[in-house]
1. Quick check: is even one residue across segment B:124-135 touching a Leu at 6+ places or on another chain (Cβ under 6 Å), more than 14 Å from chain A (Cβ to nearest Cβ) and either farther than 19 Å from B:Tyr294 by Cα or among the polar types (S, T, N, Q) (or both)?
2. Go through (1) of a type outside the set (Val, Ile, Thr); (2) exposed (fewer than 11 other Cβ atoms within 10 Å of the Cβ); (3) part of a helix (DSSP H, G or I); (4) modelled with pLDDT of 85 or more for B:Ala73 and report which single condition fails.
3. Here are some residues: A:Gly198, A:Gly202. Which one is modelled with pLDDT of 90 or more, in contact with a His (Cβ under 9 Å, 6 or more places away or on another chain) and either part of a helix (DSSP H, G or I) or buried (at least 24 other Cβ atoms within 10 Å of the Cβ) (or both)?
4. Could you check how many residues of segment A:207-236 are surrounded by 22 or more Cβ atoms within 10 Å (Cβ to Cβ) and either outside any helix (DSSP H, G or I) or free of Cβ contacts under 8 Å to residues at least 12 places away in the same chain (or both)?
5. Filter segment B:85-115 down to the residues that are more than 14 Å from chain A (Cβ to nearest Cβ), surrounded by fewer than 24 Cβ atoms within 10 Å (Cβ to Cβ) and touching a Gly at 6+ places or on another chain (Cβ under 6 Å) and list them by number.
6. Which ones in segment B:253-271 are assigned to a helix (DSSP H, G or I) and either away from every other protein chain (no Cβ under 14 Å) or not polar (S, T, N, Q) (or both)?
7. Within segment A:117-153, restricting attention to residues that are touching a strand residue (DSSP E or B) at 6+ places or on another chain (Cβ under 7 Å) and either within 11 Å of another protein chain (Cβ to nearest Cβ) or not in a helix (DSSP H, G or I) (or both), which residue is nearest to B:Gly248 (Cα to Cα)?
Amino acid sequence: MFLSELLASSLRMAVPILLTALGAVFTERAGVVNIGLEGMMIVGSFWGALGSYYYGPYFGLLLAMAAGMFLALIHAVNTVTFRVDQIVSGVAINILAYGSCRFLSQAIFKMATTSPHVAGLPKIDIPVLAGIEFLKPLVSGVSPIIILALLLVPLTRFVINRTVFGLRLRSVGENPLAADTLGINVFRMKYAGVLLSGMLAGLSGAYLALEHTGMYVEGMTQGQGFIALAAMIFGNWEPAGALWAALLFGFSEALSFRVVEGGAIPYQFIKMIPYVLTLAVLAGVVRKSTPPAADGIPYERGMK
Amino acid sequence: MKVRKILAVGLIFLLVAALLVGCSKQEQQPQQQQQQGQQAPETEKLKVGLVFDVGGRGDLSFNDSAYAGLERAAEDFADKIEVEYREPSGGGQDREQLLRLLAENGYDLIFGVGFLFTEHIQKVSQEFPDVKFGLIDGFIDGLDENSNVTCLLFKEHEGSFLVGAAAAMKSKTGKIGFVGGMKTPLIERFEVGYMAGAKYVNPNIEILSDYIGTTGEAFKDPVKGKELALKQFKAGADVVYHASGASGVGVIEAAAAEKKLAIGVDSDQSLTAKEDQRPYILTSMLKSVDVSVYETIKSLVEGNFKGGYSVFGLAENGVSYAVNDYNKELISDIQPKLDELKDKIIKGEIKVPVDKKEYQEFEKSLFK
C-alpha cells in the first residue's frame, strides 16, 4: 500500500514535468532551444483557470494550450524569423508571462496573485484495474490528463521517429542546410516544433491549476519548466528518456515528502533529496548525451 | 528579407507610438489631481497604505484578513482616510521598495503584513521618522510608546492549542496531521500549540508534521501542500491543520478528495472554500489580523497612535476558532470542551508552549 501510494504521488508530481519535457523534445529536435517553457507553463496555469472559471474545464484546457502557443509563436518569430539569440528570447518570454499573468489577474479577478476556485475535469477510475486493492491508489480517481500524458509518450516517439513530419523535424535540427537543399521548408518545421512545445507546456500548466489544486496561484509552477528542460536533456532528447527522467524527479519529490522528520536527519537535508538524487544519477548513470547537431543555432539561408 | 525589414520597422514604430501615448497620459494625470485638490482643499485626508505578504490578496487566509481590516476602516472612516494597498511581486524582493514608495508619497501610516517585513520596516522607519508603521507578526527590538513603529503580535500558539484539541477529539484513528509553510519560529509556534492541544485532550494521539519548504515560496505552493496532506491522510491521519498561507488551498483540496477533515488558518476558510469542500473543514484557527489593522488605523484617526507592541491572544479575542453555518453541526459536540480549555488558558491554568523546548516540558508534565 505504501509503495503504490508512493508511486501514485510520484506520478502526480511527474506529469507536469513530463508534458513540458515532451514539448521540449519537439522544439529542440527542430533545433530551437526554448527556455521560455516555464513562462508557457505559467500562462497555461493562468489561462486554464480563467477559461475554467467562465466556461468550464474543457474550455480552460483549450485556452491554456492556446495561450502557451501564443507565447511560443512570439518565441518562434523572434528566434526563427529574426534569428534573435534563443536564450535571450526565452528569458524575455518568461518575464512577459509572469508580468502579463499578474496584470491580467489583477484586472480580471481583482486579485494579483490568485484566482477563485475553478473546476477540474471529472476524475476517472480505470475499469478492471481499479478493483485490485494493491493498485487502487494508482488507478482510481485519476486525472484524465495523467493518462493523456502517458499516452503522449509513445505517440511523440512515433511521430518523431516514424512519420514524415518527424523525419523532417529531425533533419531540420540536425542539418538545416541539407534539409533546405532537399526542399524542406526549414522555417515552417521550426515553427511547428516551437508551437507544439508551447501547446504542451500550456497543457502542463493547466494540469497544475485545474487538476491538482483547483485554483491558480502565482508562482505555482515553481520552476518546473526548467526542470522539464533538464529532464529532456537527461532523457537524451528522446520521449521515452524524458518519461524516465520526469518519473525520477517526481519520485524523488514524493520520496522527500515521506522521509520522516526526526532527530537523525536535519530537515534541510530532506528537502535536498530531489536535487541530490538528480545530481547523483546525472553523474553516475547517464551516458554521454548527444543533442541535435544544429540545436540552438539560428538558421539563415545561404549561411555557411 | 524585405518583409522582415518592414516588420522590424513596423515594430519600432509601434513601440515609439506606445511610449508617446503612455507619456501623454501621465501628463494629464497631475492636472486632474490639481483640479480635485482645488475642489476640496479643506478635507485633508490621512493616507493609509498596506503592503501584502507573499501569497498576496486572495490567499483566502492571512493577507485577506489584513485586507478585511483595511476595508472596514476605509468604510468606517470614509471621510477621514484614504487607503491604498500594494502586492509584492514573486518572492517579494521588492517589499522594501514598496514601503519606501508609499512613505515617499506622503502616507501617514503604512502596514507591512507578515514577519518577512521585519528588517525592511526597521530600516525604512528610521529613514522616515514622520511616517507611522504597523508591522504584523514581526518583532523589532527596543521600541517604546514614542516610536513610529507598532508591532502587532498574536499568540498563535493559544489559538492553535484549541484547534489541536478539536482535532484530537474529532480524530477516530488517533492520528492527526500538521502542514506548515516555510519552516520558521513563527510557523513552529502554530505547530507546537497544535501538538500541545492535541496531547492535552488525548496523550496517546500521534501527530504527523511536515513543512513545505525553507523559503517564502513555500506559502504559495498548493501542489506540494496537497501532496503532503494526501500523504498524511493515507498514513492514517483524519484531521490535518495547515499554517501555510495560499498553499493551504491544496490541503483543503486534499481533505475534500479523501473525505477527511482539514482545519483552516488565519481567516475563516469555510466561508471562502468551494461549496463541495465545506463539509470537510472542521474549523479554522482565526487570527484577527483584521482587528489589529482596524484598531491601529482607528488610533491614528483618533490621534492616539502609540508605538511599541500590541499582543493579541485568546483573552483579547485576537485568536480563536471559527464557528459558522457550515461547521456548526460538525463542531457542536466538542464546543463546550473547547470553551472550557479557552477559559483555562485565559486564567493561566494551562500554559501553552511557544517552541519545541517548552513543548517537551509540557508533554512531560502531561504524563506525570
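The values are calculated or read from the model by the stated rules, or taken from the named source; none is laboratory data. The model shown is predicted, which means the values in this text are computed figures rather than measured ones. All Cβ positions, glycine included, derive from the backbone under ideal geometry; neighbour counts span all protein chains shown.
1. Yes; the residues of segment B:124-135 include at least one that is touching a Leu at 6+ places or on another chain (Cβ under 6 Å), more than 14 Å from chain A (Cβ to nearest Cβ) and either farther than 19 Å from B:Tyr294 by Cα or among the polar types (S, T, N, Q) (or both).
2. (2)
3. Every option except A:Gly198 fails the conditions.
4. Number satisfying all stated conditions: 10.
5. B:Tyr107, B:Phe115
6. Of everything in segment B:253-271, those that are assigned to a helix (DSSP H, G or I) and either away from every other protein chain (no Cβ under 14 Å) or not polar (S, T, N, Q) (or both) turn out to be B:Glu253, B:Ala254, B:Ala255, B:Ala256, B:Ala257, B:Glu258, B:Leu271.
7. So, considering only residues that are touching a strand residue (DSSP E or B) at 6+ places or on another chain (Cβ under 7 Å) and either within 11 Å of another protein chain (Cβ to nearest Cβ) or not in a helix (DSSP H, G or I) (or both), the one nearest to B:Gly248 (Cα to Cα) is A:His117.
Residues checked against (1) more than 27 Å from B:Lys132 (Cα to Cα); (2) hydrophobic (A, V, I, L, M, F, W, C):
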site	(1), (2)
B:Leu300	no, yes
B:Gly313	no, no
B:Ser320	yes, no
B:Val323	yes, yes
B:Lys328	yes, no
B:Ser332	yes, no
B:Gln335	yes, no
B:Ile345	yes, yes
